[in-house]
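Take a look at the structure below.
The values are calculated or read from the model by the stated rules, or taken from the named source; none is laboratory data. Remember, it's a predicted structure, so these values are computed and weren't measured experimentally. Note that each Cβ is placed from the backbone with ideal geometry, even for glycine, and that neighbours are counted across all protein chains shown. Calculation scope for accessible area: heavy atoms of the full protein, side chains included, ligands and nucleic acids excluded. Shrake-Rupley method; radii C 1.70, N 1.55, O 1.52, S 1.80 Å.
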Amino acid sequence: MTDVEKLAEILSHSSDAVFFGGAGMSTESGIPDFRSANGIYNQKLNKTFSPEEMASHRFFVRHPEEFFAFYRERFVYLDAKPNAGHIALAELERRGILSAVITQNIDGLHQLAGSKVVYELHGSIRRSYCVKCGERYGVEFVMENIPVPHCEKCGGIVKPDVVLYGENLDDSTVANSIRAIANADTLIVGGTSLIVYPAAGLIDYFRGRHLILINKTATRADVDAELVIRENIGKTLADAVARLE
């Protein structure tokens, strides 16, 4: 039995599976892995910043123009489309096999593919809000109002609804994610190195029967997994779903 056949077999007997995904889920849609980026030189500030520094709350507050220029260039990929993996997960949910998607990605591709229950640990580029009055905006508002988007109601800065370095994860999103993982009979972990905490620590709440890893490189959870697949997530998930027909 091949790995994909074994995955399909496990899924066919699952009714409460959960998918926990990271950057590798989106790279197949043409979105680069943020953590692989090199330091970025900013002429105006005459300093070399790492991507982590420029994606921090501190940088957002101190250098808003530079933050938004960086954000628009490196975070937002509106032309990206859901790949075969996103579509396969949405189909698993439709069939009553998958109960939730938990993602560290901020691109919103799971929802575009049709997934309904998606817990976005690090927020989403699709949403923005005024830091002063809370008025909500879409991604277009941030992209179109250059250099710094200001609220039409109160004039406050409109911040993307993403979790920046130095900010805490949303409590309710974390609680929902923990609940989903703790109740799952199958947990599929895909496209994540499991080194970004606290998100990576959520899989420790899994007490179900089947832990599956789909990742190109080794992770700390491999030793506990029933099945480890070193292939593309999209093709693997799509092939497994196809075998459920």
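For the stretch 163-181, which positions are under 27 Å from A84 (Cα atoms) and in contact with a helix residue (DSSP H, G or I) (Cβ under 8 Å, 6 or more places away or on another chain)? Scanning the stretch 163-181 gives V174, S177, I178, I181. For the stretch 218-233, filtered to residues that are in a loop (DSSP other than H, G, I, E, B) and more than 18 Å from the chain's Cα centre (by Cα), the residue that is farthest from G21 (Cα to Cα) is E226. One residue stands out among those in the stretch 85-109 that are in contact with a helix residue (DSSP H, G or I) (Cβ under 8 Å, 6 or more places away or on another chain) and of a type in the set (G, A, S): the one that is surrounded by the fewest Cβ atoms within 10 Å (Cβ to Cβ), which is S99.
One line per residue, one yes/no per condition, for (1) buried (at least 22 other Cβ atoms within 10 Å of the Cβ); (2) on the phi > 0 side of the Ramachandran plot; (3) among the β-branched types (V, I, T):
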{"residue": "D185", "(1), (2), (3)": "no, no, no"}
{"residue": "I188", "(1), (2), (3)": "yes, no, yes"}
{"residue": "Y205", "(1), (2), (3)": "no, no, no"}
{"residue": "R220", "(1), (2), (3)": "no, no, no"}
{"residue": "V223", "(1), (2), (3)": "no, no, yes"}
{"residue": "G234", "(1), (2), (3)": "yes, no, no"}
{"residue": "A240", "(1), (2), (3)": "yes, no, no"}
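When every residue of the stretch 161-168 is checked against the conditions, none turns out to be assigned to a helix (DSSP H, G or I) and open to solvent by less than 30 Å² (accessible area, probe 1.4 Å).
V4 meets each of the listed conditions (1) at pLDDT 85 or above; (2) farther than 26 Å from L121 by Cβ; (3) loosely packed, with under 13 Cβ neighbours inside 10 Å apart from (3).
With respect to L112, determine if the residue is open to solvent by 40 Å² or more (accessible area, probe 1.4 Å), farther than 16 Å from G22 by Cβ and in a loop (DSSP other than H, G, I, E, B). No; evaluated as a whole, the condition is false for this residue. Among the residues of the stretch 196-212 satisfying the criterion of being within 16 Å of the chain's Cα centre (by Cα) and under 24 Å from K235 (Cα atoms), which is modelled with the highest pLDDT? Across the stretch 196-212, the extreme among qualifying residues is I203.
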